[in-house]
Amino acid sequence: TSAFQAQDLVPPDVSFDVTRRFLADNNDNKINLGQGTYRDENGQPWVLPSVKMAKASLDEFNHEYLPILGFQPFRDEASRLLYKGTRALNEDTISSCQSLSGTGALLLVTLALKKLQSAPDTIYITDPTWVKVLPCYKDGAFDFDAYTACLRQAKAGSPVVLHTCAHNPTGCDPTKEQWKLIGSVMKENRLFPIFDSAYLGFNSGSFDEDAWPIRYFMEELSVELAVCLSMAKSMGLYGERIGLVSFATLTRESSQIAESVLQSVQRSTITAPPAYGARVATAILSTPSIRKQWQKDLITMSSCIRLMRKCAYEELVRLQTPGDWSCIIHQTGMFAFLGISKTQIKHLEKKHHVFMLETSRLSVAGLNEHNVRRFAEALDETVR
Ligand code: PMP
């Protein structure tokens, strides 16, 4: 008998399965709003000009393992990028480890915290998300009251995963004033911030602007924190799986301990991270002309997404589609969260060949000047 016989078939991942259904659809007018990847004006993957420059600039390299903690120049550049202007950077109280993109960074941060003497037994993350608990969304907007009430009642000392910007899936972020209040509640309740940072620079076009909450917590609240950084969206390096997990601690001694813990959990999971993406990202960050181009690329991507939000909204207004769709322009980042029903989402897919997640999250990057009108007309017909 097979070792797998008694096991139930595990259903496919909902997000990747939307892309599978999209690829299997033969309709010429199909639109994929399921997958969170940036697309050009023809709906095709976009290799950033800065990435092309970085690839062309690489010298010959061998294919040895990287050290367990990753490519040192990448760790240095990414830390300088993240923590620019902070005391922690000057005082060298930053520890870091190259990770398998953002997902790998989240894995390592939880394994690292679990390994500590003071290991937490609870971790808070926003609902809706891929796991549960902290409420953050109501009627198309960030639910500040429910969110802070939950933080006040959270078990002291617990880690809380905070989306630094462009909340996935809702696209609803706290304002700076709300961040300040969230920070003070967290400090009061000794909650440990983990900044889940998959869209820095991709959201506003400015890395520094998008990293503001992290630096505010460090500089104004003087708390220890972790950052899980992904380069998937901000450099368009989705498949290279390039990211960084990092702790900003209060003392140099703590950062050395933190790094030793990261090294140990990296070794016991993947041993060493991938080298190629780290070389590309390092070339972007360390070569002034390429870095300048990257800053332009961030502006290109973020402004294109903002423009598509505006176009989609204006089309819906023009069609006098029933309902208030202003959430599309008020939400931010890669995703819009429509709040329509599963039946309507199925109808969009079956009748109009418009694909999105069954939570009603759509990737605005899948819209372009050629398909935005068709999308609006499909949504209009669906909700009438
Ligand atoms: N964090 C957030 C908030 C995300 O939206 C995602 C995925 N888009 C990730 C982390 C993980 O992304 P990746 O592993 O591709 O870097």
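List of remarks:
- The set of residues in the range 351-368 that are in contact (Cβ under 8 Å) with a residue 24 or more places away in the chain and in contact with a Leu (Cβ under 9 Å, 6 or more places away or on another chain) comprises HIS352, VAL354, PHE355, MET356, LEU357, ARG361, LEU362, SER363, VAL364, ALA365, GLY366, LEU367.
- Subset tally (residues that are in contact with a Lys or Arg (Cβ under 7 Å, 6 or more places away or on another chain) and within 15 Å of the ligand (Cβ to nearest atom)) for the range 135-175: 1
- When residues in the range 218-262 are screened for being within 18 Å of SER96 (Cα to Cα) and of a type in the set (Phe, Trp, Tyr), 1 of them pass.
- Residue selected from the range 77-107 under the condition within 12 Å of the ligand (Cβ to nearest atom) and not hydroxyl-bearing (Ser, Thr, Tyr), by the criterion surrounded by the fewest Cβ atoms within 10 Å (Cβ to Cβ): LEU107
- Note on the range 360-384: residues that are surrounded by 18 or more Cβ atoms within 10 Å (Cβ to Cβ) and either part of a strand (DSSP E or B) or β-branched (Val, Ile, Thr) (or both) total 6.
- Tally, over the range 176-205, of residues that are within 15 Å of the chain's Cα centre (by Cα) and away from the ligand (no atom under 16 Å from the Cβ): 1
- Residues that are of a type in the set (Phe, Trp, Tyr), surrounded by fewer than 23 Cβ atoms within 10 Å (Cβ to Cβ) and either within 16 Å of the ligand (Cβ to nearest atom) or at positive phi (or both) occur at least once in the range 229-252.
- Which numbered condition THR126 misses (of (1) out of contact with any Leu (no Cβ under 6 Å at 6 or more places or on another chain); (2) within 16 Å of the ligand (Cβ to nearest atom)): (1)
- Qualifying residues in the range 269-305 (those that are of a type in the set (Ser, Thr, Tyr) and out of contact with any Gly (no Cβ under 7 Å at 6 or more places or on another chain)) - the one nearest to GLU64 (Cα to Cα): TYR276
- When SER158 is tested against the conditions (1) of a type outside the set (Asp, Glu); (2) modelled with pLDDT of 95 or more; (3) more than 27 Å from LEU362 (Cβ to Cβ), the lone failure is (2).
- One residue stands out in the range 319-350 among those that are free of Cβ contacts under 8 Å to residues at least 24 places away in the same chain and over 23 Å from the mean Cα position of the chain (by Cα): the one that is farthest from GLY236 (Cα to Cα), namely GLN320.
- Residue match in the range 283-290 (condition: closer than 30 Å to GLU224 by Cβ, surrounded by fewer than 21 Cβ atoms within 10 Å (Cβ to Cβ) and among the polar types (S, T, N, Q)): yes
- Scanning the range 262-273 for residues that are surrounded by 20 or more Cβ atoms within 10 Å (Cβ to Cβ) and either within 14 Å of the ligand (Cβ to nearest atom) or among the hydrophobic types (A, V, I, L, M, F, W, C) (or both) yields a count of 3.
The values are calculated or read from the model by the stated rules, or taken from the named source; none is laboratory data. None of the values given here were measured: they were computed from a predicted structure. Counting neighbours? That spans all protein chains shown, and the Cβs are built from the backbone with ideal geometry, glycine included.
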